[in-house]
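For reference, the structure discussed in these notes is given below.
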Number of protein chains: 2
Amino acid sequence: MNREISVFAPATVSNVACGFDVMGFAVNEPGDIATVRQIDEPGVFLINVSGDDGRLPREPSKNTAGIAVIEFLKRINAPGGIEIELHKKMPLGSGLGSSAASAVAAVFAANILFDKPLSRNELLPLVLEAEKAACGTAHADNAAPALLGGFILIRSYNPLDTISLAVPDELICTILHPALEIRTEYARKILSDKIFLKDAVTQWGNIGGLVAGLLKKDYELIGRSLQDVIAEPLRAKLIPGFSEIKKAAMSAGALGCSISGSGPAIFALSKSKSTANNVGQSMKDACEKKGINSSIYISEINNEGPRVISQKE
Amino acid sequence: MNREISVFAPATVSNVACGFDVMGFAVNEPGDIATVRQIDEPGVFLINVSGDDGRLPREPSKNTAGIAVIEFLKRINAPGGIEIELHKKMPLGSGLGSSAASAVAAVFAANILFDKPLSRNELLPLVLEAEKAACGTAHADNAAPALLGGFILIRSYNPLDTISLAVPDELICTILHPALEIRTEYARKILSDKIFLKDAVTQWGNIGGLVAGLLKKDYELIGRSLQDVIAEPLRAKLIPGFSEIKKAAMSAGALGCSISGSGPAIFALSKSKSTANNVGQSMKDACEKKGINSSIYISEINNEGPRVISQKE
């Protein structure tokens, strides 16, 4: 039997309120699992996709997991091919970096299959290629934390410059995923290509504050900085009950609460697990009052990124 | 003889490339000196102003030093009055926070005269009142570092929230002051009230990077983050030779270089004093090639803020 590796790659919260397109962090759940096998036949084959209700493309060249592995094989110029099974363990179109998680799981596994010819940082452009093909633009705020783990600042896209920010130990993330779906493209379209300078100034004060709060382990400062005057006011309209859910999170003691990526998932950060649990229950109740079912995920920041869950030689 | 205190308050570099209106730091020179005396007659009297070629208003209610002290006396509701002598030891209209330095020196001295009824943070709104009266708007990016010392992030203006950022030891600032003058109001007018979202994204990546670089003591990251795509491209046109001066600074080993506040002063940050000296000489040479005289100041970041230089009981 050929060598086989299964890897879990995490969901990610991007934007993180004030950090539109430049910040994201990984969580412990949900996430995707990719199982890859080395085969003699050249090419990349997506032999099984589960958990997506048949909605994702089965052609490897159109699926982010497939594209990332195709790019990987091109990059290392190796003979033979790779077979991929993709098990979606997280919702699609959720604002939790589903496409990035699939690509990261597959390419991270493929790299181990070939005895790690590339570093994690070298894998990142391959995942961005996949994101670009799937979403039209190569935003790194899901891909980078999914692959590198932790809390990531994308200082620059050109050249790509990712900065890992240490996270205080007691920082816990609560994610509410309402049973709704928002197309990333649509959530982008409702943003204008110009913003007021005064709003930009507000936003960059908060970005500086969030980075300082994380590195100084100042939970109150993190909380005060979790404000978004650019995307949230526009995107909140796409999520019925957003303001009630946010209010519920804050009343239950969250440091801050905003939309994860382009939504509809909503994240809150809290100091301590017990607060994060209460926050989750309050958010879920507020969501259900609007007649919308939801799932809750509670997790520390995932500092590890993808992890091998099984390996057969 | 009545009690008398003399205080030096430092010049400040605001904006710091990427941090338009939200970042600033204090230097050790230049700066202003205010001497204040407690008097029996109620009111605030500006009895002497030197070093300004007669250009600053002599009426206390129109001079930032006077206004700050008037606001101070209102705030503490004390009997008697204060006499101020203001010695300008720095250029006016330079982009180095001249008006803030005068206000900080005077109000810091007045507070000591009355046995410190107010904390530094409580003095800040008084200085902002003075800035507002003198410049039209109460920007805190000079006032806060001049008063609090160090490298300051203004996370929020409403409510005012200033964050002190520790600075790595070897970070040295070089300031070139060309013999030119730019009115702050004019430098503001050339900025548009709307900016491209993509430029804002670039800017907030850099702000996050600069804050992370300072707190992680990562000089390279500080250097990569010292980029301004919002104000510098427009304001550079007001400073003849800016691009040559910046190039000279970078070639001499500066981590980064940009306009201080609204200019015409130009600052560079370097790792080590000897590099900062070379950077200063190169900037001065480039400036003089354009036929413009200039002064150079080289200094560590001033973590202390204002300091008492003499005191008579």
(request) Just tell me which lysines come within less than 21 Å, Cα to Cα, of B:K198; anything on the same chain fewer than 8 places away is out. (result) A:K132, A:K189, A:K194, A:K198
(request) Can you tell me the dipole magnitude for chain A around its Cα centre, using point charges on the Cβ only (Lys, Arg +1; Asp, Glu -1), in Debye to the nearest 20? (result) 640 debye
(request) Lys and Arg at +1, Asp and Glu at -1: add these up for the other residues within a Cβ distance under 9 Å of A:K273 and post the number. (result) -2
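Lys and Arg at +1, Asp and Glu at -1: add these up for the other residues within a Cβ distance under 14 Å of A:E185 and post the number.
Working: positive: A:K132, A:R183, A:R188, A:K189, A:R235; negative: A:E131, A:E181.
Value of the local net charge: +3.
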(request) Specify the angular offset, from 0 to 90 degrees and rounded to the nearest 10, of the alpha carbon long axis of helix B:197-215 from the longest principal axis of the alpha carbons in chain B. (result) 70 degrees
(request) Give me the angle, in degrees from 0 to 90, between the Cα long axis of helix A:98-113 and the longest principal axis of the Cα atoms of chain A, rounded to the nearest 10. (result) 40 degrees
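Run the numbers for B:R307 and B:N77: contour at 0.36 nm per residue of separation, minus the present Cα-Cα distance, in nm. Working shown, then result.
Numbers: separation 230, 0.36 × 230 = 82.80 nm, distance 2.47 nm.
The B:R307-B:N77 span can extend by a further 80.3 nm.
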(request) Just tell me which lysines come within less than 18 Å, Cα to Cα, of A:K271; anything on the same chain fewer than 8 places away is out. (result) A:K216, A:K217, A:K246, A:K247
(message) Around B:L148, under 14 Å between beta carbons, what's the net of Lys plus Arg minus Asp minus Glu among the other residues?
(response) -1
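When the helix-only estimate is applied to chain A (DSSP H runs of n ≥ 4, each -39,500 (n - 2.57), divided by the residue count), what is the mean residue ellipticity at 222 nm, nearest 500 deg cm²/dmol? Numbers along the way, then the final one.
Numbers: 10 runs with 117 residues, N = 313.
Value at 222 nm, helices only: -11500 deg cm²/dmol.
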(message) Give the residue list of GluC sites (Glu not before Pro) in the stretch A:167-275 that are DSSP loop and have at most 14 other beta-carbon atoms within 10 angstrom.
(response) A:E170, A:E181
(request) Calculate, for A:N2 and A:R183, the FRET efficiency according to 1/(1 + (r/R0)^6) with r their C-beta to C-beta distance and R0 41 Å; round to the nearest 0.05. (result) 0.60
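Throughout, read-outs are computed from the coordinates displayed, never taken from laboratory work. As the structure is a computational prediction, the values presented were derived from the model and not from experiment. Here Cβ is always computed from backbone atoms with ideal geometry, including for glycine, and neighbour counts include all displayed protein chains.
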